[in-house]
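Bear in mind these aren't lab numbers, they're just calculated from the coordinates by the rules spelled out. Note that the structure is predicted; figures quoted are calculated from it, not measured. Neighbour counts run over all protein chains shown; Cβ positions are idealised from the backbone, glycine included.
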Amino acid sequence: MTDTVISCRNVRHSYNGVEVLHGLDFDVRRGEITGLLGKNGAGKSTSINILMGFLMPDSGSCTIFEHPSHALPPQVRARIALLHEGFVQYTFMTIAEVEHFYAPFYPRWESRVFHNIIERMGVPKNRRISRLSCGQRSQVTLGLMLAQHADLIILDDYSLGLDVGYRRLFLDFLRDHVQRNGTTVLLTSHVVQELENLLDSLVIIQKGVVLENARHTDFMRSFTRYDLPVSEAGKSLQNGDGPIFRIEYGADRLMLFSRESRDVIAAYLADRGIPVPAGGLEPVSMTLEDAFVGLTGRY
């Protein structure tokens, strides 16, 4: 049994002759929570559509459980729980009816899991989905996904329309489920501040290109920010200069983001005649959101 659940190799895709995915390469490992992260329009949902066989790539390949994503047999699809750009579609059904509809498709269905989540809402099971709030619908969806006892959960923008309380509830249930069952998760999001203590690995894409593909801890260790006082020489720096991946300008400082060591950056700045703080270069502590913005830019 391979440790790779999802594998994408050199995936390219176009809409109306315009290429939007430019050779994506990434893996999702068994039992891990992997974030496919990027700003709006980065190509996250297109990637999910290809993974689930809704789109065919122009070139390259995607496999899930070693099967081509565009030709997943029914027994493989039954191992995958999918949240795709929204929540429950059958809003005319009641909570009880939607479980009755879903359960026969999944041989490992656990009604206990579904009812445990639903009962926390305190609403009757004969309530129609259309009469629930957005947050309550998300709990029904979460119950439907976790009750499948799937080997792989794919969440495409799980946070859509949810307030902070429901987003945290969603992630808490998900984290607990993964820890107890060893489930593999791939989630997409452009809101990263709540994923700090959730992700094992991350793939950050921008305009259809992979910018980072690493363990979460490795990325946070290797991608660094340094602040400099504003200077005329410093204003000449551009993204991609030498060891500098990106530069952002604040009101009174320059923020340099790099994968290189402090010594390499200091030597580069000295060669350019750019002053550094009196105590030397010191890395600035960053959250995952800080590092994400440093990698992808503010705009």
Checklist outcome for this item: At R0 = 22 Å the Cβ-Cβ FRET efficiency linking V76 and H115, nearest 0.05, sits at 0.20
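From the helices alone, meaning DSSP H stretches of at least four residues, give me the mean residue ellipticity at 222 nm for the chain, per-run term -39500 (n - 2.57), in deg cm²/dmol to the nearest 500.
Numbers: 9 runs with 87 residues, N = 299.
Taking each H run of at least 4 residues, the total per residue is -8500 deg cm²/dmol.
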Next on the checklist: Among DSSP bridges having both ends in the stretch 3-160, what percentage is antiparallel? Round to the nearest 5.
Outcome noted: 75
Checklist entry - In whole angstrom, how long is each semi-axis of the equivalent ellipsoid of the stretch 4-218, when you take the square root of 5 times every eigenvalue of its Cα gyration tensor and sort them from largest down? => result 29, 18, 17
Checklist entry - What is the fewest-to-most order of H216, H22 by other Cβ atoms lying within 10 Å of their Cβ? => result H22, H216
Checklist entry - How big is Rg to Rh over the stretch 223-296, alpha-carbon atoms, Rh as the Kirkwood inverse-mean-distance radius? => result 0.91
Next on the checklist: List the residues, sorted by chain then number, that are 5 or more residues from Q206 or on another chain and whose placed amide H is less than 5 Å from its amide H.
Outcome noted: L211
Item to check | C-alpha long axis of helix 262-271 to longest principal axis of the chain, angle in ° | outcome: 40
Checklist entry - What whole number of Å gives the distance from the Cα centroid of the stretch 158-201 to the Cα centroid of the stretch 277-295? => result 25
Checklist entry - How high is the FRET efficiency from E196 to R262, r the C-beta distance, R0 22 Å, rounded to 0.05? => result 0.35
Checklist outcome for this item: Subtracting the Cα-Cα distance of R131 and S61 from 0.36 nm times their residue separation yields 21.1 nm
Checklist entry - Under a plain spin-label model, where a point goes 7 Å from the Cα along Cα-to-Cβ, how far apart in nm are K39 and N16? => result 2.1
Next on the checklist: Please compute the contact order of the chain in relative form: average sequence separation of alpha-carbon pairs under 8 Å and at least six residues apart, divided by the residue count, as a percent.
Outcome noted: 20
Checklist entry - Under a plain spin-label model, where a point goes 7 Å from the Cα along Cα-to-Cβ, how far apart in nm are Q179 and D252? => result 4.2
